[in-house]
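Q: After the structure tokens below, expect a handful of questions from me.
The values are calculated or read from the model by the stated rules, or taken from the named source; none is laboratory data. Predicted model, so just to flag it, every value in this text is computed and none were measured. Note that each Cβ is placed from the backbone with ideal geometry, even for glycine, and that neighbours are counted across all protein chains shown. Accessible surface areas use protein heavy atoms only, side chains included; no ligands, DNA or RNA. Shrake-Rupley method; radii C 1.70, N 1.55, O 1.52, S 1.80 Å.
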Amino acid sequence: MKVLLLALFVSVSLLGITSKAAENPNPQTEQRIRQLEEKLRCLVCQNQTLADSNAELASDLRRQVREQVAAGRSDDQIIDYLVQRYGDFVLYEPPFKATTVLLWVGPFALLVAAALVLISILRRRRRAPEEPALGPEDKRVIERVLGPADAPERDGSAR
């Protein structure tokens, strides 16, 4: 029984080694795949490249890139295939065109809008009339509710 378990363990280990060897044919191919993955965005994480993401969809996309490289396709063909399938958003640096203008201009437009809102609020505050001082009747009502302003607290705690 021990011999059978040992043989099973060795065969599974060897399968793992041979599958790793099949995945990594040579360093140039691995570097090419890594460069392609750096150009592509993880569709789940959105702020990470495909190479940096641990999402399940990212591993599927990395597998697709590997399959495309193994099929002998060029980098442009692989990128075009993924763009056709997932849109320009799959590119980490999408091209500037009508469909991606919001990706490029949106953050700056939001920044300008926020600055305009801030300026508007500050101008309104400057123009707002100051609160009128309390009259004698208002002061009496406040002292009746809260007590005299100059009276020390009895227990030392705030109300």
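Q: Could you list, in sequence order, all residues of segment 39-72 that are farther than 26 Å from Pro27 by Cβ and in a helix (DSSP H, G or I)?
A: Matches in segment 39-72: Glu56, Leu57.
Q: For segment 43-57, what are the residues that are at pLDDT 85 or above and not hydrophobic (A, V, I, L, M, F, W, C)?
A: Passing the criteria: Gln48, Thr49, Asp52, Ser53, Asn54, Glu56.
Q: Right, here's the next one. Taking segment 73-95, which residues are open to solvent by 60 Å² or more (accessible area, probe 1.4 Å) and either part of a helix (DSSP H, G or I) or at pLDDT 85 or above (or both)?
A: If the condition is that a residue be open to solvent by 60 Å² or more (accessible area, probe 1.4 Å) and either part of a helix (DSSP H, G or I) or at pLDDT 85 or above (or both), then Arg73, Asp76, Gln77, Asp80, Tyr81, Gln84, Arg85, Tyr86, Phe89 are the ones that fit.
Q: Give all pairs with beta carbons closer than 7 Å in which a residue from segment 100-114 that is under 18 Å from Asp88 (Cα atoms) meets a residue that is modelled with pLDDT under 90 and open to solvent by 100 Å² or more (accessible area, probe 1.4 Å); count only pairs at least 6 apart in sequence or on separate chains.
A: Note: pairs meeting the criteria are Trp104/Phe96.
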